1. How big, on average over all directions, is the shadow cast by the Cα convex hull of region B:199-329, in nm²?
2. Roughly how far apart, in whole Å, are the Cα centres of region B:214-285 and region B:29-86?
3. What fraction of the DSSP beta bridges in region B:1-159 is antiparallel, stated in percent and rounded to the nearest 5?
4. Return, for the Cα atoms of the protein assembly as shown, the radius of gyration and Dmax in Å, separated by a comma.
5. Roughly speaking, what is the stretch gain from residue B:196 to residue B:44, that is 0.36 nm per residue apart minus the C-alpha to C-alpha distance, in nm to one decimal?
6. Report the semi-axes of the equivalent ellipsoid for region B:7-115 in whole Å, largest first, where each axis is √(5λ) for an eigenvalue λ of the Cα gyration tensor.
7. Determine, at each q value in 0.14, 0.27, 0.29 (inverse angstroms), the log₁₀ of I(q)/I(0) that the Debye formula gives when each Cα of region B:308-375 is one equal point scatterer.
8. Using 0.36 nm times the number of residues separating residue B:245 and residue B:25, minus their current alpha carbon distance, what extension gain do you get?
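A short reminder: the numbers here are calculations on the coordinates, not readings from a lab. These numbers were taken from a predicted model, which means no experiment stands behind them. Cβ placement follows ideal geometry from the backbone for every residue including glycine, while neighbour counts extend to all protein chains displayed.
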């Protein structure tokens, strides 16, 4: 499952966390050439929604 | 014609010479020319040696496959990976792709069999749940070769270069096995090879004429998908031995379905993909060089499996609970990387104050291919505006960065 992470001062999206259920926790940058971010965008395009960021 | 200098091997032996005015010289042994000197250069027939060893004229770094001898396994350190409807990375640079119904294990040196001579490691596959693939179901082991490393192949042009794949393979099954080279979306070359004897290492070579059509990336995205099929559905199989410039395929028609047999095994090592129509000996790179090549795509920066106190990076505290740190990568990465953690406990040492956290660090937007800022919360009692370090506080875990294709 994906979860958004916002900057605690600006409240802007800075990364996306994913628990891939194999023991790895990913912190994914918002960058178009990053394969994990590309897979996140594909996941969203399939109609899925990430968990919102924690309240600042 | 040429001047000849012949060391006779018949009769009483001796030196025999003939002369002409061509300007050429042939040096012979027993009447057979082993060296020819002409105005255009020197030609050698037979083997060259230097200081008692073979003199190689093969270019270094000719193997486009990284970790072809399966020595590097940063993620799993020899542990098995269960592949079920997923696409995990296994050994460094080797990905398993499974969108079908089978389940199989991938592991470095699975079942501890003896590798082929000259190798110490191999990638092993063992089928735990069998499946008869249909439609587009795919089960493959693949390596995605970065486009930056294939630009010299001239693929997609009339000057495309021929390449040769070579590898050692062993299986509990025999018959015709398949695989593919492809660009991803629309150009595929299905190939086959035969495993003649069960549970026996066999050396295979496959020569493939370069692709003269379609687009082959030459940047930091995937240039070539090199795949070894474990069994795929008919919709993604193609006629072997020819380029198909309108299909994205994952296997060859008629291939053995490894995943169709529960308990079946498939082992591979010594994988080399090089320019030319002849396979050369596997190019052995020093371990540190091979590791560095892998680190462009995945690098462990703190390894609790090596040291429970493995440091992650220098940090400064923003508050009593939050740290900022800067990680500098030992090898520049392919692109902006993902932070990967398997750690459950961290400890910060800041001057006179220490603190623990079970919250994983996250990336900030301050990041490049050579360094990254990380943020970490969940501590307590840290001195504000203090500098120090944060480290792993649990064994068997690691912190890494990945920029895989």
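1. It is 14.5 nm².
2. Between the Cα centre of region B:214-285 and that of region B:29-86, the gap is 21 Å.
3. If I count the DSSP bridges inside region B:1-159, around 85 percent turn out antiparallel.
4. 27.2, 98
5. Contour length minus Cα-Cα distance gives 51.1 nm.
6. With the √(5λ) rule applied to region B:7-115, the semi-axes are 57, 17, 12 Å.
7. Log-scaled intensity ratios, in q order: -0.44, -1.39, -1.50.
8. 74.2 nm
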